[in-house]
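K.L.:
Before we start, here is the structure in question, set down as structure tokens.
The values are calculated or read from the model by the stated rules, or taken from the named source; none is laboratory data. Nothing here was measured: the structure is a model prediction, and the numbers come from that model. All Cβ positions, glycine included, derive from the backbone under ideal geometry; neighbour counts span all protein chains shown.
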Amino acid sequence: MKLEFRKASAEDIDLLVETRIEVLRAANGLPDSADMSEVEMQTREYYGKALADETHTALLVFENDQFVGAGGISYYRVMPTVHNPTGRKGYVMNMYTRSEYRRKGIAFHTLDLLIQDAREKGIAAVSLEATAAGRPLYEKYGFSGMKNEMELILV
């Protein structure tokens, strides 16, 4: 299996948006009939801006020009802390591998390339939200549960 891992550009936005919608449907158990038009529009806008200003790195994986997977990392800044004096953080998202390509190390290599990108950018901490299926991959890579983080949903 000869795979090509490449950084996405503005020319790849259609594929990135399509993949994001597919990931969201799968992760949330949504039927094909669920209206995702607003999410699709906002995702397109997000990628357009974030790829241009490099606050997001997206990777695409191909085998013989056939799309087989993707992953991304968003960069943002919070107030600096003792453990993160720059306040710069990364958030891994949109990890996806087509079902027939799973369990072949593609997601692990994609994640590794994203973490390398974060290191090159001087990012001090990277987090993510893991599905049950993805958790073993992230734990194998070295991610651990966060004890003190909480969330309040406002919508």
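K.L.:
Out of region 10-67, which residues are exposed (fewer than 14 other Cβ atoms within 10 Å of the Cβ), closer than 19 Å to L114 by Cβ and within 15 Å of the chain's Cα centre (by Cα)?
P.N.:
Passing the criteria: only E54.
K.L.:
Take R119 and tell me if it is outside any strand (DSSP E or B) and either closer than 20 Å to E139 by Cβ or at pLDDT 95 or above (or both).
P.N.:
yes
K.L.:
Please specify each residue of region 84-105 satisfying the condition of being over 15 Å from the mean Cα position of the chain (by Cα), surrounded by 12 or more Cβ atoms within 10 Å (Cβ to Cβ) and polar (S, T, N, Q).
P.N.:
N84, T86
K.L.:
State the number of residues belonging to region 89-99 that are more than 16 Å from A132 (Cα to Cα) and modelled with pLDDT of 95 or more.
P.N.:
Residues meeting the conditions: 3.
K.L.:
State yes or no: is R25 in contact with a Pro (Cβ under 9 Å, 6 or more places away or on another chain) and part of a helix (DSSP H, G or I)?
P.N.:
yes
K.L.:
Could you run through region 111-135 and say how many residues are among the hydrophobic types (A, V, I, L, M, F, W, C) and within 15 Å of F5 (Cβ to Cβ)?
P.N.:
4
K.L.:
Please work out which residue is farthest from V23 (Cα to Cα), limiting yourself to region 68-83 and to residues that are of a type outside the set (S, T, N, Q) and surrounded by fewer than 16 Cβ atoms within 10 Å (Cβ to Cβ).
P.N.:
Across region 68-83, the extreme among qualifying residues is V82.
K.L.:
Would you confirm, using the coordinates I've provided, whether M41 is in a helix (DSSP H, G or I) and of a type outside the set (S, T, Y)?
P.N.:
Yes, satisfied.
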